[in-house]
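Structure record follows, encoded as C-alpha cells.
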Amino acid sequence: MTTEAIMLRYSAHLPLKGIGSSGQQRIHDAHVALIGIGGLGCAAAQYLVSSGIGKLTLCDYDTVAESNLSRQILYRSSDLDRPKVEAAAESLQNLNPDTEIHSINKRMADTDMQTLFPTCDFVIDASDNYGTRLAVNRSCLSLNTAWIMASCIRMEAQIMMLRPDQPGQACYRCAYGEAPDTLEDCPGAGIFAPVAGIAGSSAAHFALAYLAGMEPPAGLHLFDATSWAWQSLKIKKNPNCKDCS
Ligand SMILES: [Zn+2]
C-alpha cells in the first residue's frame, strides 16, 4: 500500500500518540491469527481489517446457524449453513480489499498452530473452550509469540494480554490452572450481544496497539456490564506451572 493511500484511509489514526504513520505501517505489515469467529471473533476481525491489518488468518470449523445471527455480526441470513470462515472472509474482504485474508476450516490442533503461528506477529484466541486456549498457550510459549485470550458470557467479558516474549510473565495456565473442559457456553448460560462486541473490540484494541508499537497492559482485565466496571489484575507466574516453568 502506498504512503498516500495510508494517509487517506487511516488518517484518523495518524494524529494518535503511539501510532502515527510508522505505527500504521507496522499494522499494515503484520499478520494476525484469529482462532474462533463467533460473536467476539467477528467484532475483533472487523476492527482489525477496517484498521488496515496486512494479513489475517481466520480459523474456525463451524457453520453459520440462525442462533448466531443476533451477535455474530459478519454473517447475514443468506449465510446460514455456510462455513463461518468462508462467510467471514467474504464479508471482511468487502470491508477492506487491501487485507490479505486466509481461512482454515478446521478445529485447530497443536500441529496446526505450530505450522501457522511462526508466520504470525500476534494471535487472538476467541475460541470457546479451555482445550484450544491451552493449546494456543503452549504454542505461543514455544514461539515467544504475544497473544490475547478473550472470552465473554452473560454480561461479563475477560481479556488477558499474554507476553511470552517478555521474561517472568505469567502464562494462561498460570492464571487458570487445570480448568476442566466443562465450561458454561453462551447458548446455555446466555450472552448479551453487545457484550460480545465489547470483548471483541477490546481484543482488537490490544492487538492493534501492540502491533503499532505501544505497550498495552499485560494481565487479566475483567468487565462486568451490569455495573459497567472494569477490573485489572496482575497475574503472578506460577513457579510450578507445567507449561511455562
Ligand atoms: Zn504458566
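No value in this document is a laboratory result; all are computed from the given coordinates. Owing to the predicted nature of the structure, the values given are computational and were not obtained by experimental measurement. Cβ placement follows ideal geometry from the backbone for every residue including glycine, while neighbour counts extend to all protein chains displayed.
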Set the Förster distance to 45 Å, then compute FRET efficiency between ASN238 and SER78 from the Cβ-Cβ distance, nearest 0.05. 0.40
About its Cα centre, how strong a charge dipole does the stretch 1-106 have in debye, to the nearest 20, once Lys and Arg get +1 and Asp and Glu get -1 at the Cβ? 320
P(r) for the chain, please, calculated from all Cα pair distances in 10 Å bins and given in %. 8, 33, 38, 19, 3, 0
Percent antiparallel among DSSP beta bridges with both residues in the stretch 79-183, to the nearest 5? 70
Where in the chain lies the longest segment free of chymotrypsin sites (Phe, Trp or Tyr not before Pro) that are both loop residues by DSSP (not H, G, I, E, B) and have at most 14 other Cβ atoms within 10 Å? 62-227
Counting only DSSP beta bridges with both residues in the chain, what percent are antiparallel, rounded to the nearest 5? 50
Here the gain from full extension of SER21 to MET214, 0.36 nm per residue of separation minus their alpha-carbon distance, amounts to 68.1 nm
So which DSSP H runs in the chain come out at 24 Å plus along the axis (Cα) with average Kyte-Doolittle of at least 0.5? 193-212
